[in-house]
1. Going through 77, 20 one at a time, which residue ends up being surrounded by 20 or more Cβ atoms within 10 Å (Cβ to Cβ) and touching a residue at least 40 places away in the same chain (Cβ under 8 Å)?
2. With the requirement that a residue be within 18 Å of the chain's Cα centre (by Cα), without any contact (Cβ under 8 Å) to a residue 40 or more places away in the chain, assigned to a loop (DSSP other than H, G, I, E, B) and surrounded by fewer than 13 Cβ atoms within 10 Å (Cβ to Cβ), what does the stretch 192-228 give you?
3. Which of the numbered conditions does residue 113 fail, given that it passes all the others? Conditions: (1) under 26 Å from residue 25 (Cα atoms); (2) surrounded by 15 or more Cβ atoms within 10 Å (Cβ to Cβ); (3) in contact with a strand residue (DSSP E or B) (Cβ under 6 Å, 6 or more places away or on another chain).
4. Evaluate the stretch 174-185: report whether one residue or more is more than 21 Å from residue 93 (Cα to Cα), assigned to a loop (DSSP other than H, G, I, E, B) and in contact with a helix residue (DSSP H, G or I) (Cβ under 7 Å, 6 or more places away or on another chain).
5. Which residues, taken from the stretch 142-172, are modelled with pLDDT under 95 and either within 15 Å of the chain's Cα centre (by Cα) or crowded, with 17+ Cβ neighbours inside 10 Å (or both)?
6. Looking at residue 34, is it without any contact (Cβ under 8 Å) to a residue 40 or more places away in the chain and either in a helix (DSSP H, G or I) or within 22 Å of residue 195 (Cβ to Cβ) (or both)?
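The values are calculated or read from the model by the stated rules, or taken from the named source; none is laboratory data. As the structure is a prediction and not an experimental result, all values here were calculated from the model. Quick reminder, even Gly has a Cβ in these numbers, built from the backbone with ideal geometry, and neighbours come from all protein chains shown.
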């Protein structure tokens with residue numbers, strides 16, 4: 001993200017039911033990642049495209065914020081899949097609740113496509129879901145998998161967050177003509193501005209939110225109290 005683009009750290013995004021919490025983009029008013037009091041999570045990524053963004057399109061962050069009002073991840077995915085392809089610039093969107101998760105992708109000039117995720121580890125960047133040609137996925141898959149396996153054994157949330165921070169702070173850059181391959185990016189006016197970890201249990205336990213308001217290589221992920 002551009003470092004000069006104004007944004008606020010995670011806070012209450014909507015006070016009416018269902019209440020939603022996450023960071024806010026102060027330029028367009030939407031969010032890139034949020035969670036609703038229902039346990040629904042929505043996260044938006046700008047999908048890589050060779051064409052310049054169309055300034056006439058609606059903000060993708062506004063769509064992400066809208067979806068936090070849906071009753072379920074399935075309802076949110078269906079809502080996005082019905083959108084006309086010309087309304088938004090290309091995106092990759094994750095919607096998940098306590099029972100299932102979907103990724104909705106919209107390449108330029110194509111209709112959105114929703115895919116239900118099978119249980120297990122999945123990685124999403126600005127390319128395709130679990131794209132084996134993406135250097136970020138290739139470099140980080142083992143670290144994310146190891147963090148998940150350790151958590152499955154010990155159930156230690158703090159240790160999980162620490163392991164995830166180590167992966168997110170990686171600066172190793174793979175040779176890739178499409179751009180930087182590291183997870184933590186520093187490129188002058190552009191780079192990694194923050195990182196977040198959201199834990200949504202399958203049962204009725206509370207959602208856990210951790211956030212670092214700065215690059216994860218030098219900003220620690222801290223627990224953020226949710227207002228619901």
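1. Numbers: 77 fails: touching a residue at least 40 places away in the same chain (Cβ under 8 Å).
The unique qualifying residue is 20.
2. none
3. So residue 113 meets the others, but not (2).
4. yes
5. Scanning the stretch 142-172 gives a single hit, 170.
6. Values: without any contact (Cβ under 8 Å) to a residue 40 or more places away in the chain: yes; either in a helix (DSSP H, G or I) or within 22 Å of residue 195 (Cβ to Cβ) (or both): yes.
Yes; evaluated as a whole, the condition is true for this residue.
A quick yes/no check of all residues on (1) farther than 28 Å from residue 169 by Cβ; (2) within 15 Å of the chain's Cα centre (by Cα):
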site: 53; (1), (2): yes, no
site: 75; (1), (2): yes, no
site: 79; (1), (2): yes, no
site: 82; (1), (2): yes, no
site: 87; (1), (2): yes, no
site: 104; (1), (2): yes, yes
site: 107; (1), (2): yes, no
site: 119; (1), (2): no, no
site: 140; (1), (2): no, no
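Okay, residues lined up against (1) surrounded by 13 or more Cβ atoms within 10 Å (Cβ to Cβ); (2) closer than 16 Å to residue 41 by Cα; (3) free of Cβ contacts under 8 Å to residues at least 24 places away in the same chain; (4) touching a strand residue (DSSP E or B) at 6+ places or on another chain (Cβ under 7 Å):
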{"site": "56", "(1), (2), (3), (4)": "no, no, yes, no"}
{"site": "81", "(1), (2), (3), (4)": "yes, no, no, yes"}
{"site": "96", "(1), (2), (3), (4)": "yes, yes, no, yes"}
{"site": "118", "(1), (2), (3), (4)": "no, no, yes, no"}
